[in-house]
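Read-outs: derived from the displayed coordinates by stated rules, not from any lab. A quick note: this is a predicted structure, and the numbers were derived from the prediction, not measured. Heads up, the Cβs are rebuilt from the backbone with ideal geometry, glycines too, and the neighbour counts pull from every protein chain shown.
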Amino acid sequence: MTMAVPQGEGLAVVCRAVTKEFRQGSVIVRALRGVDVEVRMGELTLLMGPSGCGKTTLLSVMAGILDPTSGSINVLGSDIERLTSRQKTAFRMKNIGFVFQMHNLLPALSAMENTAVPLLIARRPRNAALAAARQLLEGVGLGERVDALPSRLSGGEQQRVAIARALVHRPRLLVCDEPTSALDAKSGHAIMQQLRDIAVEPDRAVVVVTHDPRVIEFADRIATMDDGRITDVRETKA
Amino acid sequence: MLWIAWRILVGDTAKYLGMIIGVAFASLLIAQQASIFCGLMRLTVSQILDVEGAAIWVMDPDVQFVDDIKPLSENELLRVRGVEGVRWAVRFFKGLGRARLAEGEYQQVVLLGLDDATLVGAPQTILLGSLDDLRQPDAVMMDRRGFERLWPGEPLSVGKTFEMNDRRAVIVGVCESRRTFQTFPVVYTRYSQATMFAPHERKLLSFILVQNEPNVDADALCRRITQQTGLQALTRNGFIWKTIFYYLRQTGIPVNFGITVLLGFIVGVAIAGQTFYLFAVENARQYATLKALGLSDARVVVMILQQAVVVGLIGYSIGVGGAAIFGLLIQNRSKLAFFMPWQVLLGTGIAVLVIVLAVSVLSVRRVIVMEPAEVFK
């Protein structure tokens, strides 16, 4: 893997002049217009901004599930825009955890089985994967609900399962897309607290896309976006 | 991941059952219609199958199937017996006779004349009387179905008489024989007797039944007989296939059944294909999630193929099982011909495999082209 972008001390993600264009019929939509941003290890970084400003696109590019049109992105020391599709898949499997807005749990699998999925994708033995999943679910307070199907869990519980799933393979970068938007204020607060407590570690960076101002208190750093550009980056005291 | 594929598959019960029903219906239709077709084809060769003990049938060169009788002269029998490698060769008469019953009714019958000395070609299962009784004057043996047709409601018995070609025939035995394509009663008698029951013609020898010497290959002997006599010589199996191919070529039977089998295939593709495709579309988000989490496209393909194969196997088992049960139920209760050889199972299996593979290709394409970034939409 190449190292085109100099990796600063403790930097998990370095984006330089990143653009992303989508073609919608004959119209070209510029979702990212030259983004420069850094995400630090051991921090929870919020990406904020109005709807349609490019937050989720930037998160997708950082996570290696969307290729930028131009610019360079170094994630955990790898220039992921230069990786092949297969290498990117393997990179995600090993290094990145995902928390989605709508949880994206597999409805046919129990909470424990859902949590174990990243380990199963990494070809860990099923019993070991389930044991690790159970342990993590106990850590997020769902020890009694390990066998419940997602349809039997509340929105908050589903998101806690999603967080457990995102952390079970010990990724070094956790990306979260609007993790609280489908939850009420109390559940949203609890989820952010949980993220803060168990996800943020010295060798892990957490990036959360949100437009919910109530979660600012949990951030170490806030990058504000507008119209495909980073307009402001500021530190907070989480 | 195969375990997860299975859980995703059975997790949507309605679609899971829908796909299985689609494949099962297609399998049932294909296997059942193909078995009826095979049953019909077997009817056309039932009289060849009933003649056991002779490896080779010799006949006029222009004979195209077993009911296409072109009589030979008696000299041909001597010529065939003179071919090296022939262990024995005997006469066999096959023709249609007209039976006049005591009540004055007429009934067409299949008349089979067996070699007087050896009775080669005699029925294998005799229900009443014995084969030796055929040596009595005017003696005939009738198949059970024929007896029940001529004397409905009466118990099987010997001693009944009827006339053929103004000659008296006495039933000395009742035997079991395979159903024939024409469904006429089958009457066995000695060759010399059969030539009297049949309308008089200069030549009456329908076939010559031949057995090869133990160390002589039957196919090679057939070729030698043809070379030396100019007659058509076929192994029993060869004659069966010649007769079947004649019906395949000259009748609309295979086309009719072929259309039904094709319809079954199309219905299977349509039902299973549509359901499986909808299943894949509705589960696309799940697959996108798995891809985002690091599952490779190759493993996604394996998961989808596994789901399709499971559906195919279960649907196939239900379908051919249903067809087999149908065959068992109608056995001896219906005039419907039904014969399910292993080739029908194999053919149906291949058709199902094609269905599930076609269906999988559609679904795989849908999932593969999907970007993992769609999980954020």
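Arranged from highest to lowest average of other beta-carbon atoms within 10 Å per residue, in what order do the peptides B:321-329, B:124-132 appear?
Descending mean neighbour count gives B:321-329, B:124-132.
Based on DSSP loop calls and a cut-off of at most 12 other Cβ atoms within 10 Å, the longest stretch of chain A free of exposed GluC sites (Glu not before Pro) is what?
With a cap of 12 other Cβ atoms within 10 Å, the longest stretch comes to A:10-143.
Only loop residues by DSSP count here, and only those with at most 13 other Cβ atoms within 10 Å; note down the GluC sites (Glu not before Pro) in region B:60-114 that meet that.
B:E84, B:E103, B:E105
Could you tell me the distance between the Cα centroids of region A:159-185 and region B:293-352, to the nearest Å?
About 43 Å separates the Cα centre of region A:159-185 from the one of region B:293-352.
If you line up the long axis of helix B:253-282 against the longest principal axis of chain B, both from Cα atoms, how many degrees apart are they, to the nearest 10?
Between the helix axis and the principal axis of chain B, the angle is about 10 degrees.
P(r) of chain A in 5 Å steps, Cα pairs, percent per bin?
Spelled out bin by bin, chain A gives 1, 7, 14, 18, 19, 16, 12, 8, 3, 1, 0 percent.
Can you sort A:D177, A:D232, B:D60, B:D166 so the residue with the fewest Cβ neighbours within 10 Å comes first?
Starting with the residue having the fewest Cβ neighbours, the order is B:D166, A:D232, B:D60, A:D177.
Which distance in nm do the two modelled labels at A:R123 and B:V309 give, with both placed 7 Å along the Cα-to-Cβ direction?
It is 1.8 nm.
Just counting partner chain Cβ atoms within 10 Å, what average do the residues of peptide A:166-179 show around their Cβ?
1
Rounded to the nearest 500, what is the 222 nm mean residue ellipticity of chain A from helices alone, with -39500 (n - 2.57) per DSSP H run of 4+ residues and division by all residues?
It comes out at -8500 deg cm²/dmol, rounded to the nearest 500.
Each label point is 7 Å from the Cα along the Cα-to-Cβ direction; what then is the distance between the points at A:R86 and B:I266, in nm?
For A:R86 paired with B:I266, the spin-label model returns 4.2 nm.
Could you tell me which of rounded, prolate or oblate describes region A:182-238, using a ≥ b ≥ c as the square roots of the eigenvalues of the alpha-carbon gyration tensor, with rounded for a/c under 1.5 and, failing that, prolate when a/b is larger than b/c and oblate otherwise?
Taking the square roots of the gyration eigenvalues as a ≥ b ≥ c, region A:182-238 is oblate.
Please report, in whole Å, how far the alpha carbons of region A:144-205 spread along each principal axis, starting with the longest.
34, 26, 19
A:Q135 to A:Q193: FRET efficiency via 1/(1 + (r/R0)^6), r the Cβ-Cβ distance, R0 22 Å, to the nearest 0.05?
0.65
Can you pull out the trypsin sites (Lys or Arg not before Pro) in region A:101-141 that DSSP calls coil and that have at most 11 other Cβ atoms within 10 Å?
Those that pass, being in a loop and sparsely packed, are A:R123.
Count, for each residue of B:5-17, the Cβ atoms from other chains sitting within 10 Å of its Cβ, then give me the mean as a whole number.
The shielding value for this peptide is 2.
When only Cα pairs under 8 Å and 6 or more residues apart are kept, what is the percent relative contact order across chain B?
Taking the mean separation of contacting Cα pairs over the length of chain B, I get 32 percent.
Let me make sure I get this right: for region A:107-153, a, b and c are the square roots of the gyration tensor eigenvalues over alpha carbons, sorted descending. Under 1.5 in a/c it's rounded, otherwise prolate if a/b > b/c, else oblate. Which is it?
Oblate.
Gaussian network model of chain A, Cα springs within a sub-10 Å range: biggest mean-square fluctuation belongs to which of A:I73, A:I96, A:I28?
Looking only at A:I73, A:I96, A:I28, the biggest GNM fluctuation is shown by A:I28.
By how many degrees, 0 to 90 and rounded to 10, does the Cα axis of helix A:111-121 deviate from the longest principal axis of chain A?
That works out to roughly 50 degrees.
Which loop-located GluC sites (Glu not before Pro) does region B:126-210 contain, where loop means any DSSP state but H, G, I, E or B and the Cβ has at most 10 other Cβ atoms within 10 Å?
B:E201
Order these by the 10 Å Cβ neighbour count, fewest first: A:K88, B:K70, B:K15.
In increasing order of surrounding Cβ atoms, one gets B:K70, B:K15, A:K88.
For a Förster distance of 56 Å, can you work out the FRET efficiency between the beta-carbons of B:V301 and B:R178, rounded to the nearest 0.05?
0.70
Per DSSP H run of at least 4 residues, take -39500 (n - 2.57); add these up for chain B, divide by its residues and hand me the 222 nm value, nearest 500 deg cm²/dmol.
It lands at -17500 deg cm²/dmol.
Would you report the distance distribution of C-alpha pairs in the protein assembly as shown as whole percents per 10 angstrom bin, up to the bin with the largest distance?
3, 14, 17, 14, 10, 8, 8, 8, 9, 7, 3, 0, 0
Quote the relative contact order of region B:73-230 in percent (integer), defining contacts as alpha-carbon pairs under 8 Å separated by 6+ residues.
In percent, rounded to a whole number, it is 35.
Working out 0.36 nm times the residue gap between B:E282 and B:R100, then minus their Cα-Cα distance, what length gain in nm do you get to one decimal?
58.3 nm
Given 37 °C and 0.692 mPa s, how large is the Stokes-Einstein diffusion coefficient of region B:73-230 in µm²/s, with Rh as the Kirkwood radius over Cα pairs?
Answer, rounded: 198 µm²/s.
Return the tail of the calculated pair distribution for region B:24-117, meaning the percent of Cα-Cα pairs more than 21 Å apart.
53 percent
To the nearest 10 degrees, how steeply does helix B:297-330 sit against the main Cα axis of chain B, on a 0 to 90 scale?
The answer is roughly 30 degrees.
What's the FRET efficiency of A:R170 with B:L328 using the Cβ-Cβ distance as r and R₀ = 45 Å, to the nearest 0.05?
So the FRET efficiency works out to roughly 0.15.
Under 10 Å, Cα contacts only: if you run a Gaussian network model on chain A, which one of A:G141, A:G64, A:G188 comes out with the highest mean-square fluctuation?
Sorting by GNM fluctuation, first place goes to A:G141.
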